[in-house]
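Notes to accompany the following structure.
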Amino acid sequence: MTLKHGGWSRQISNRELPVATTLAGVNMRLTPGGVRELHWHKEVEWGFVTVGKARITSVDQNGKNFIADVGVGGIWYFPPGIPHSIQGLEEGTEFLLVFDAGDFSDLDTFTISDWFAHTPKDVLSANFGAPLSAFDCIPKKEKYIYQGKVPGPIDSVAIPDPFGTRNFTHDLLGQDPIKSPGGTVRIVDSTNFKVSHEISAALVEILPGSMRELHWHPNNDEFQYILSGQGRMTAYAADGTARTFNIRAGDVGYVPFCYGHYIQNTGKETLWYLEVFKAPKYADISLTQWMALTPKQIVSSNLNVGPELMNTLRKEKWPVVRFPGYTYQDFE
């Protein structure tokens, strides 16, 4: 954890989780008025707000600026090299950041304070056309996170831009979900959030007594962040290899490319989690749907099963399914 006046951050990458080769995550908290300073990355930044509300600002390569307040369930996406800032509003804010490199470090970030500190003052003076005295109090090192004042409404701080504006946010929780008997799934990728060229994701809700069906992803690894509840996941890795894990709120999971898996809610409360991919479009393959759309003779002879199973197969995906006759004690 990195702790500063104004907030904290903690990260997980392939240094802590070696299997995580394509994506890394940062969990960050900002106080009311706390600022993640003006900065940019070599990597894509994908953010999801879990608590409170954040104000983000940005300017793209064409001079188009952007300012927005993002609440719980909202996401943002900044392409590599696009400068931005994040600030906690009245309640403060907490959010998950995902970056498209397994070896990412949030400390390996280009920050405005660090750049100023490492640039001669006469160069700064010439660049901005300001006297040397204007730079007497600039930071001597990177601020990273610092305590600021809670800003006023957007209208009171917005800067008119002659080049126009560009949107970097999407309300994922406000999106209509895909509903199935055991919960819901909300999918966001480049088809409904145009700027998100490199990252796709799903927000999954699993009701008590339900599970994310047996499936796999044919495009890339899955990075998971458990938002609430508790559960169990088995990852099947081929060649007689599989492993089962218990999961709970705050855990990070990682399922390598094409591994078969499921997530089961083993608690009394709803299980919510994010699944994130380094891919422009979301894709999954349902085990049930695959079997239902394959000639019955092959499936039946392959698995030594009869009508009891074959007659239950669905041709439509049910991303989240229920256990018949479930009670919580079944998992205790």
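The values are calculated or read from the model by the stated rules, or taken from the named source; none is laboratory data. Since the model is a prediction, treat every value here as computed from it, not as a measurement. Every residue, glycine as well, gets a Cβ built from its backbone with ideal geometry; the counts of neighbours run over all protein chains shown.
With the condition kept exactly as written, say whether any residue in the stretch 306-317 is over 17 Å from TYR225 (Cα atoms) and polar (S, T, N, Q). Spell out the reasoning first.
If we filter the stretch 306-317 for residues that are over 17 Å from TYR225 (Cα atoms), which is where we start, we get 306-317.
Then drop every residue that is not polar (S, T, N, Q), which leaves 311-312.
Among the residues of the stretch 306-317, at least one is over 17 Å from TYR225 (Cα atoms) and polar (S, T, N, Q), which makes the answer yes.
Working only within the stretch 260-316, note down all residues that are under 20 Å from the mean Cα position of the chain (by Cα) and loosely packed, with under 14 Cβ neighbours inside 10 Å. Across the stretch 260-316, the qualifying residue is only LYS281.
Contact map, the stretch 135-148: residues that are touching a residue at least 12 places away in the same chain (Cβ under 8 Å) paired with residues that are in a loop (DSSP other than H, G, I, E, B) and surrounded by fewer than 17 Cβ atoms within 10 Å (Cβ to Cβ), Cβ distance under 8 Å, separation 6+ or inter-chain. Pairs shown: TYR144/LEU107; ILE145/HIS5; TYR146/HIS5; GLN147/HIS5.
Restricting the search to the stretch 181-202, which residues are without any contact (Cβ under 8 Å) to a residue 60 or more places away in the chain and either assigned to a loop (DSSP other than H, G, I, E, B) or not assigned by TED's automatic domain parsing to the domain that holds GLN264 (or both)? Explain how you work it out, then say what you get.
First, the residues of the stretch 181-202 that are without any contact (Cβ under 8 Å) to a residue 60 or more places away in the chain: 186, 192, 194.
Answer for the stretch 181-202, where residues must be without any contact (Cβ under 8 Å) to a residue 60 or more places away in the chain and either assigned to a loop (DSSP other than H, G, I, E, B) or not assigned by TED's automatic domain parsing to the domain that holds GLN264 (or both): ASN192, LYS194.
All told, GLY25 falls short of being in a loop (DSSP other than H, G, I, E, B) and assigned by TED's automatic domain parsing to the domain that holds GLU90. Residue count for the stretch 200-236 under the criterion of being among the charged types (D, E, K, R) and within 21 Å of ARG322 (Cα to Cα): the result is 4.
Answer yes or no as to whether ARG36 is in contact with a helix residue (DSSP H, G or I) (Cβ under 9 Å, 6 or more places away or on another chain) and crowded, with 20+ Cβ neighbours inside 10 Å. So ARG36 does not fit the description; no.
Right, PHE135: modelled with pLDDT of 95 or more and closer than 27 Å to TYR254 by Cβ or not? No; evaluated as a whole, the condition is false for this residue.
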